[in-house]
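Asker: One structure coming up, written as structure tokens, with questions to follow.
The values are calculated or read from the model by the stated rules, or taken from the named source; none is laboratory data. In this text the structure is predicted, and so the values were computed from the model without any measurement. Cβ placement follows ideal geometry from the backbone for every residue including glycine, while neighbour counts extend to all protein chains displayed. Note: areas computed on protein heavy atoms with side chains; ligands, DNA, RNA excluded. Shrake-Rupley method; radii C 1.70, N 1.55, O 1.52, S 1.80 Å.
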Amino acid sequence: MLAALKGLLGHEALYVALQKGLGADRLRYRCLDELALVDGDTIIDVGCGPAYYFGRLPKVRYYGFDTSEKYIAHARKRWGGDQVEFRCEVFGEQHLGQIPPANAILLLGLLHHLSDDECRHVLSVSAKALAPGGRVIAVDPTLVPGQHPISRWMSKNDRGEYVRTPEGFVALGRETFADVDGEVVDDATRIPTSHWMMRMRTPALVPDTTDGPRR
Ligand SMILES: C[S@@+](CC[C@H](N)C(=O)[O-])C[C@H]1O[C@@H](n2cnc3c(N)ncnc32)[C@H](O)[C@@H]1O
């Protein structure tokens, strides 16, 4: 039953409706506000899904990546245009020469779908893709002591297989970025949820993951 419900979320219109119904859109808008984007910025959105928050962006040059063809087709149809590219590809080193240095990279609801090695890969490529002063923002369901039982249930039963504690997310971020901080957001959605919003700046040691994540 739960698996069937999660499967339905692969349907792009249902996913968007549920996100907006739950108020998860407000969580995305909070992340965008954090970035204080301006017209002319270059943005990379990894795991963009249908990118239903696209309308909140200023006039940016935008590159969205997702592995779901359905989500990408939906996003292209809804938001495609000048200076906007949606690609059904895993974001990797091969894109670095094709995309201008990014002022901001969005990882909204992505890292909890990725194993540690897959996270290392996307964070490493992101670090290399940033313009000087650029920043990365991630937001994911999390597990924290004392969270509301409904919030805990939501985090434990998420579609993503790698819901982590804030410390777990931060440890991954610090492998690649010198400046990592964040906060638990538990007041954005209409039902109790807890998300870790994580800001990453200043690429430090950028591990070479040219061959993709280790398996
Ligand atoms: C929870 S959805 C988030 C979508 C969108 N960013 C949002 O906030 O609504 C996670 C997305 O990550 C995508 N995804 C999972 N693994 C990926 C990968 N390795 N590269 C790119 N996208 C991936 C999924 O297809 C899905 O659209």
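Asker: Under a Cβ-only charge scheme (Lys and Arg +1, Asp and Glu -1), can you give me the dipole magnitude of the chain about the Cα centre, in debye to the nearest 20?
Answerer: Values: 26 positive and 28 negative charges, 113 e Å.
Rounded to the nearest 20 debye, it is 540 debye.
Asker: Moving to a separate point now. Would segment 2-203 count as rounded, prolate or oblate if I go by the C-alpha gyration tensor, calling it rounded below 1.5 in a/c and otherwise prolate when a/b exceeds b/c, oblate otherwise? Write out the running numbers ahead of the final one.
Answerer: Numbers: a/c = 1.57, a/b = 1.19, b/c = 1.32.
Judged from the Cα gyration tensor, segment 2-203 comes out oblate (a/c at least 1.5, b/c at or above a/b).
Asker: With Cβ to Cβ distances under 11 Å as the rule, what net charge do the other residues near LEU111 carry (K, R +1; D, E -1)?
Answerer: -1
Asker: Within segment 2-203, how many lysine pairs that are 8 or more places apart, or on different chains, have C-alpha atoms less than 28 Å apart?
Answerer: 12
Asker: May I ask what percent, to the nearest 5, of DSSP beta bridges between residues of the chain are antiparallel?
Answerer: Rounded to the nearest five, the antiparallel share is 45 percent.
Asker: Using a 1.4 Å probe, how large is the accessible area of LEU108, given in Å² and rounded to the nearest 10?
Answerer: 10
Asker: Then there is this: How much length is gained on full extension from ARG174 to LYS20, taking 0.36 nm per residue of separation minus their Cα-Cα distance?
Answerer: 52.3 nm
Asker: Can you pull the percent of the chain's accessible area that's carbon plus sulfur, 1.4 Å probe, other chains left in place? Kindly include the intermediate steps, with their values, before the conclusion.
Answerer: Details: 5440 of 10410 Å².
C and S atoms contribute 52 percent here.
Asker: Kindly report, to the nearest 10 Å², the accessible surface of TRP79 as traced by a 1.4 Å probe over protein heavy atoms only.
Answerer: 50
Asker: At 1.4 Å probe size, with every protein chain present, just tell me what the per residue accessible area of segment 122-212 comes to in Å².
Answerer: 48
Asker: Any idea what the relative contact order of the chain is, in percent, if you count C-alpha pairs under 8 Å spaced at least 6 apart?
Answerer: 19
Asker: So how far apart, in nm, are the two label points at GLU161 and LYS77 if each is 7 Å from Cα heading toward Cβ?
Answerer: Each label point lies 7 Å from its Cα, and together they span 3.0 nm.
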